[in-house]
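The next block holds one structure in the form of C-alpha cells; read it before the comments.
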Amino acid sequence: MQVFKFGGASVKDANGVKNVASVLQKVGYKNTLIVVSAMGKTTNALEVVINNYFNNKKELHSAIQEVKKYHNAILLDLFDDEKHPSFKKTAALFDELRSFLEVNKSPDYSFVYDQVIGYGELVSTVIISEYFDFIGIKNDWVDAREHIKTDNYYRRGNVNWEDTQNLITKNFNKSVLNITQGFIGSDTNNFTTTLGREGSDYTAAIYAYCLNADSVTIWKDVPGVLNADPRYFENAQLLNKISYREAIELAFYGASVIHPKTLQPLQQKEIPLYVKSFLNPEAPGTMVGKELVIEPNIPCFIVKKDQVLISLSSLDFSYIVEENISEIFSLLHTYKMKVDVIQNSAISFSVCVDNIYNNLDKLLLHLKAKFKVTCHEHVSLYTIRHYNENAINQLEKGKTILLKQLTEGTVQMVTT
Ligand code: ADP
Ligand code: ASP
Ligand code: MG
C-alpha cells in the first residue's frame, strides 16, 4: 500500500483537482489511499462561520453561502452540467451543516468547531471522488470518522490507537483506490473531532501506520523539504534526504512543510516519507527515512513570525531561582502558551512564546504582580540548524537581535 496526501493548495480550484488526477495517472495509483484536505482556504472560511455562529448571527447565513458558492464554482468547472449528482451530494452536506447549527444546544466552542470545520474535508473528498468517477478513475469514498477514533479533546483530539487499528484492520478494503478526508476523526459518541490545524499530514501517517503501508507521499506546492521556507528566504535549496530525527527537529522548530505529529508513527514502523511537488510529480523530492544523513549538508533556516518575547526580572533585584521559574512555567501552562526558547541569568528570565490562544493579556497581568516585566510583541524567532559563521552573519544582517542562543548544531535568535 502507498498513502498519498494532497493538501488544500493542491485542490484550490478545478485545475488543481484535474492536476491531482494527472499526478495519479503519471505515478500510478494501484493499492493507494488518498488523503485530501479542504480546498484552498476553506478551513479559514469555516472558522468565520463558527465565529459568526457564536458572535455575529446575522452574518451566519452569508458566511455559509460563501463557502458553498466557492465549491459550486469548482463543480461547474469540473462537470459543466448542474444535473451531475455531485451538485446534489455537496448541497446535502451544506444542508446537514445548517441543520446541525439550527438544532445545536451546546455552548462549547471547541465542540461546535469540530462539528462544523470538517465539512471542508467532507465536501472536497466528495467532489474529488465524483470527478475521478467521471473521468474513469474508479474509487471508493471513505469516511475517515469511521476509522480514526480519538478522545473528546475537541480541536486537538488524541488518537485512540487501539480502536483505530481495529477499525482499519476490519473495515478497510485494500484492493480499491480509496479517497478519504484528512484532519477529522470521531470520539466514542461518534461526534466529529479534529487532529489540530494542518493535521491532514498526520491522518496520512495514522493510516500508513495501521495499514503497514510501504510509503507515504505528501504532495506540496514546493519541490520537497527545502533548507528554508521559500516565502521568506531567497535561494532555498532542496534537501534530497533527511532522517526522521532531522524532520522532527525541523517541524518542531517551525518548518511548516510537515505537521510535527506526522513523523512519529512513520518512524516507529520505518515507513519512508516522500515530500514531492504536485507540479512536477516525477521529480524525486525529499526522502525522509531511517538514519539518513542530511544531503546536502547545509544550514537550514526556520522562521516563526509573530512571536512574543517576555523578559522578567525580580522587583527587588533578588535572584530568579527555581521557585520563580516553576511559578512562571505553571502560568505559561495555564495560559496554553507554546514556549519556543528560554534564557535566564542571575536576575532576569526571558521566554519567547507563541500566543496561539490569545491569552497574553491575562498572562501578563499575573506576571506583573510578581515581576518587573518587559514584553516585545510581533517579534520573529529564527532558528538555524547545522549553522556556520556565514549563515549566522547572513541572518543577523540589518536585524536587531533581542536574544540569541547557541547550542550544538542549532542557533536561535529573536529579532524585532
Ligand atoms: P498543504 O497544502 O499540504 O497544506 P502547506 O501550505 O501547509 O501545504 O505547506 C507547504 C508550504 O510550506 C510551502 O508552500 C512553503 O511555503 C512552506 N514551508 C515552510 N518551511 C518549508 C521548508 N523547509 N521547505 C519547504 N516548504 C516550506
Ligand atoms: N484543512 C485543515 C487545515 O487547514 C487540515 C489540513 O489542511 O491539514 O488546517
Ligand atoms: Mg497545510
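Values in this text are rule-based calculations from the coordinates and carry no lab data. A quick note: this is a predicted structure, and the numbers were derived from the prediction, not measured. Cβ placement follows ideal geometry from the backbone for every residue including glycine, while neighbour counts extend to all protein chains displayed.
Observations on the model:
- Exceedance of the 21 Å cut-off in Cα-Cα distance is limited, within the set LYS304/LYS336; LYS261/LYS404; LYS68/LYS220, to LYS261/LYS404; LYS68/LYS220.
- Cβ-derived FRET efficiency at R0 22 Å, LYS57 paired with ASN190, nearest 0.05: 0.20
- For the chain, the extents of the C-alpha atoms along the principal axes are 74, 53, 41 Å, listed from largest to smallest.
- Restricting the calculation to Cα atoms, the stretch 42-110 shows an Rg/Rh of 1.03 when the hydrodynamic-style radius is the Kirkwood one.
- Summing Cβ point charges (Lys, Arg +1; Asp, Glu -1) relative to the Cα centre of the stretch 100-209 gives a dipole of roughly 120 debye.
- The slack between ASP306 and GLU389, meaning 0.36 nm per residue of separation minus the straight C-alpha distance, is 27.3 nm.
- Projecting the Cα atoms of LEU93, SER124, PHE79 onto the dipole axis of the stretch 28-144, where Lys and Arg carry +1 and Asp and Glu carry -1 at the beta carbon, places LEU93 farthest toward the positive end.
- For the chain, size of Cβ-based charge dipole, Lys and Arg +1, Asp and Glu -1, in debye: 240 debye
- For ASP340, the residues whose modelled amide H falls within less than 5 Å of its own, excluding neighbours fewer than 5 places apart on the same chain, are CYS352, VAL353, ASP354.
- Ignoring aspartates and glutamates fewer than eight residues from LYS276 along the same chain, the ones with Cα atoms less than 12 angstrom from its Cα are ASP221.
- Bridge orientation summary for the chain: considering DSSP beta bridges with both residues in this region, about 65 percent are antiparallel.
- As a proxy for reagent exposure, ILE347, ILE248 were ordered by neighbouring Cβ count within 10 angstrom, fewest first; the result is ILE347, ILE248.
- Comparing the stretch 114-233 with the 2.2 N^0.38 Å rule of thumb, its C-alpha radius of gyration ratio is 1.13 (two decimals).
- Taking Cα atoms only, the orientation of helix 322-334 departs from the longest principal axis of the chain by about 30 degrees.
- Legend: ranking of residues ARG98, ARG231 from fewest to most surrounding C-beta atoms inside 10 Å; resulting order ARG231, ARG98.
- Axis of helix 200-211 versus longest Cα principal axis of the chain: the two differ by about 70°, to the nearest ten degrees.
- Acute angle (nearest 10 degrees) that the helix 119-134 long axis makes with the longest principal axis of the chain, alpha-carbon atoms: 40 degrees
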